[in-house]
Amino acid sequence: MEDVKDIVDTQDNPEVQEQDTAPVDDVQKPRFNQIQMNDVVKREREKAFEKGRQAAMQELQAQQQQQQQPQEQASSLGGMQQFSQADIERMIQEQATRATQEHIQSQLAEMKQQQMVNSFVQKMQVAEQQYPGLEQELNQLNYSDPRIHAFIGMVNDFENTGEIMKEVLDNPYKLSQILSDIQDQPYLAQKNLQKLSASIKQNQQAKVEEAQARDPYAQLKPSTSAGMDNGSMSVADYRKMFKG
């Protein structure tokens, strides 16, 4: 499934790719441990401080230019207002804090996206074993469509992701309807996916029950007490005791 992974993950971020990905079961709900969080914060704070300093200086220059125009028309009022060192440091700190938060949110979003992609690819690899040819069908999808990205994010949260993908690829009108809802009514898209997931499970259970009905012996279970002594003596045991 390398082709699917490359197409879905449109943003290439080497730093994010180096992060350890969680197992398939854990990826259902991405979690970031404290070590990962600390590394992201430390790395991005250094970048954000410089970005904040530059933004603050640009803001100072813009304010000075705005103040300079009326002062040139009324030079008798004095020179241009000067900013103190404390004002400059405060503005830099504000800008750096804002930039740090934006960087961290961006990094966490990319980490979440990468984990989602990895999880989806792994699920599709498993599904390919059960439904041969599924990978080829997946590679035909238009992954430049942002609705596909949103759809994969939604369907990946279900435990029967492979079965859902098989169903919508076998019935393209279902996929078209969901993609349309994602664009216009995301809530309805999520609701319809839940119904589809539940319907697939019910159909699978019905098939199991039907197979059992055709083969009644499959429902018979061997007795767990067969060949075991439950402690009660049989008639033959009593005869042995009193046999002269």
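The values are calculated or read from the model by the stated rules, or taken from the named source; none is laboratory data. Keep in mind it's a predicted model, so treat the numbers as computed, not measured. Glycine also receives a Cβ, built like all others from the backbone with ideal geometry; neighbour counts cover every protein chain displayed. Surface areas here come from the heavy atoms of the whole protein model, side chains and all, with no ligands, DNA or RNA. Shrake-Rupley method; radii C 1.70, N 1.55, O 1.52, S 1.80 Å.
Give the value in nm², to one decimal: projected area of the alpha carbon convex hull of the range 150-194, averaged over all directions. Show your work: numbers first, answer last.
Working: hull surface 10.6 nm².
Dividing the Cα hull surface by four gives the mean projection, 2.7 nm².
Ordered from longest to shortest, the equivalent ellipsoid semi-axes for the range 100-154 are 28, 13, 7 Å, each the square root of 5 times a Cα gyration tensor eigenvalue.
Tell me, what is the per residue accessible area of the range 132-178 in Å², probe radius 1.4 Å? Write out the running numbers ahead of the final one.
Numbers: 2290 Å² over 47 residues.
For the range 132-178, the solvent-accessible area averages 49 Å² per residue.
For the set Met124, Met154, the ranking by accessible area, highest first and with no ligand, DNA or RNA atoms included, is Met154, Met124 under a 1.4 Å probe.
Rounded to the nearest 0.05, what FRET efficiency is calculated for Lys201 and Glu102 with R0 set to 51 Å and r the Cβ-Cβ distance? Given R0 = 51 Å and the Cβ-Cβ separation, E is 0.80.
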